[in-house]
Each structure stands twice: as structure tokens, then as C-alpha cells.
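The structure under discussion appears below in the form of C-alpha cells.
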Amino acid sequence: MLVAQGPQPAGQVGELDLQIISMDSITNPPAVQGPEGGFTVSVALMPPHSRGTVRLSGARRDAPSLLDPALYADDHDLDAIVSGMRLAREIGRASELAPWRGEETLPGPETGDGEAVRACLRRTPASYCHPVGTCRMGEDDRSVVGPDLRVHGVDGLRVADASVFPTIPSANTVATVYAVAERAADLVSGTRTH
């Protein structure tokens, strides 16, 4: 289920910013211990406003990358997730789920709305695992690959994955990755030139 952001003019839908995901199993962030049985109703930002970084830690090729996802660096993201948590809790409390419902583990029944939920989210940040854009496609000086997926300034190298997305899609990334891969196959085989 997707939830539209804010009030919209009649007949129009704005950018979708939340995805509600439900599962018949427990999924907790690694830092949180919880029961083995139950269900999960979680919230994902689609797309987040916060922007992280990937940097080099040194000049050696085996030097690890420095990853900073910068989760909740933009207050809009935290506001959206808090709003989504209210909806997730409402869904979790539905009478239809009563046979499977136990005690809420995260953020927990003692955590009300507002600042308590914000504090919990800051303590237990988690990514929906759809990072994109580290090799952004474009024709400007800040882009890494061109529309033909060739790496600028490097012969014989193309990139064909979510890292070429110039912006984060308001959806799961897999379908867009498939489209990029199909385009790359066409470009490499000569079926398509641009």
C-alpha cells in the first residue's frame, strides 16, 4: 500500500513518499531483540530526502569504502516515518489481526507518538536497502556515466545497476534496474546505440 504525502488538490496525487510493508514474520533492526513469532508492519521512505555519501578511505585499491547513509539527516524523512508509524500501528491494531497480535516490540507500547517515536527511530535507524546514485548517469561534470552507460573517461567500461540512477525512484528499485540492464544488453550487443 502506498500513502500520498500531504493534502492534494482534487483529482491530483503528489509524490508518493511512504510504502507500508507487511510480513507474516518478525523483522527487527540488528540492535533490537524481539520475539521469534508474530508479524511485522513496517514503513519505508519512497524516496528519502536525506543523501548519504560513499568516499574513499585511502589510495590503495583494497582500502574499504567509507559509507555514510545519513539516515534522517533531513527532517522531512523523520516526519514522514513518524506519520507512517502511526498508520502502521493502526494497521497492526486492526481486529482482523487479533489472532496473531501480541505485544508491540518496536517502537513498543510504552512509546507514544511524536518525540518518543523520533527518539526510537534515531536509536534504531534502518535502511530499506535500495541505495542508488553513486555512479549517477548524466552529461554534466558531476555525472559518472553517460546515457550510453559508459563511464566518462574510461574506455570499455559500462555500469548497469541502480548506482546509475540520477534520482531515487518512488518505488522499489528492482524493476528500474531490470530496465537499465535490458538497455545495457541492447547497447553492448549493438541492437541500440543510445
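Descriptive notes on the structure:
- Criterion applied to Ala80, Ala10 was being assigned by TED's automatic domain parsing to the domain that holds Ala119 and modelled with pLDDT under 75, and the one residue passing it is Ala10.
- When segment 126-147 is filtered for residues that are loosely packed, with under 14 Cβ neighbours inside 10 Å and either in contact with a Leu (Cβ under 6 Å, 6 or more places away or on another chain) or not hydroxyl-bearing (Ser, Thr, Tyr) (or both), the ones remaining, listed by number, are Cys129, Glu139, Asp140, Asp141, Arg142, Pro147.
- Residue in segment 163-186 that is more than 20 Å from Arg51 (Cα to Cα), in contact (Cβ under 8 Å) with a residue 24 or more places away in the chain and part of a loop (DSSP other than H, G, I, E, B) present: no
- Residue match in segment 50-62 (condition: crowded, with 18+ Cβ neighbours inside 10 Å and on the phi < 0 side of the Ramachandran plot): no
- Qualifying residue in segment 125-148 (condition: within 26 Å of the chain's Cα centre (by Cα) and in a helix (DSSP H, G or I)): no
- Residue in segment 140-162 that is farthest from His49 (Cα to Cα), counting only those that are among the acidic types (Asp, Glu) and touching a residue at least 12 places away in the same chain (Cβ under 8 Å): Asp148
- Filtered residues of segment 105-124 (kept if in a loop (DSSP other than H, G, I, E, B) and either closer than 30 Å to Ala162 by Cβ or outside the structural domain of Gly52 (by TED's automatic domain parsing) (or both)): Leu106, Pro107, Thr124
The values are calculated or read from the model by the stated rules, or taken from the named source; none is laboratory data. Values in this document were obtained by computation on a predicted structure and should not be read as measured data. Positions of Cβ are backbone-derived with ideal geometry, glycine not excepted, and every protein chain shown enters the neighbour counts.
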